[in-house]
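Below is one structure, written out as structure tokens, with a few remarks after it.
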Amino acid sequence: MLISREVDYGIRIMIILCNSNGEKKDAKEIAQTSGVSLRFTLKILGKLTSAALVKSFRGAKGGYVINKDPKEINIYDIICALEGGVKINACFEDSEACNLEKCGAACNIHSNLNTIRINLIKDLKEVTLDTLLK
């Protein structure tokens, strides 16, 4: 599995917000600090806000703050906010792409990949922003 650039940047943006001590950061400042383009930063912040991981404030004194305690936000939460979840194989996303019916009831590929997916999700949930800040 490849962590996408969007998720990588999303984690970096969340860490910047964690380090702001509750002070609002505007998108331009976040973009400059993270090294991410302003356009991509705004796209990521929009998704993180929609997932309630970040809170946004409009206006001249607007900006962004983290919406939860860093101990309550894990890498899996960020992946879900930005990509909709962990994707190991197309068959878990689209039943028509799955060959389980063609292979019979005992598809070792499907069951083993599902075990890997479950373990990966468990591991991603164990890594919180608080862990990354230490």
Cα-Cα over 28 Å: which of Lys47/Lys134; Lys25/Lys134; Lys25/Lys87; Lys61/Lys122; Lys28/Lys125; Lys25/Lys122?
Lys25/Lys87; Lys61/Lys122; Lys28/Lys125; Lys25/Lys122
If you place +1 on the Cβ of every Lys and Arg, -1 on the Cβ of every Asp and Glu, and leave all else neutral, what size is the dipole of the chain about its Cα centre, to the nearest 20 Debye?
540
Solution diffusion estimate, µm²/s, Stokes-Einstein, the chain, Kirkwood Rh from C-alpha pairs, 37 °C, viscosity 0.692 mPa s:
202
Normalised contact order of the chain, rounded percent, pairs of Cα under 8 Å and 6 or more residues apart:
26
Surface share of carbon and sulfur [accessible, 1.4 angstrom probe, percent] for the chain
48
Using per-residue counts of other Cβ atoms within 10 Å, averaged over each peptide, order 15-23, 39-47 from highest down.
39-47, 15-23
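The values are calculated or read from the model by the stated rules, or taken from the named source; none is laboratory data. Predicted model only: the values in this text are computed from it and were never measured. Cβ coordinates were reconstructed from backbone atoms using ideal geometry, including for glycine residues, and neighbour counts include every protein chain displayed. Note: areas computed on protein heavy atoms with side chains; ligands, DNA, RNA excluded. Shrake-Rupley method; radii C 1.70, N 1.55, O 1.52, S 1.80 Å.
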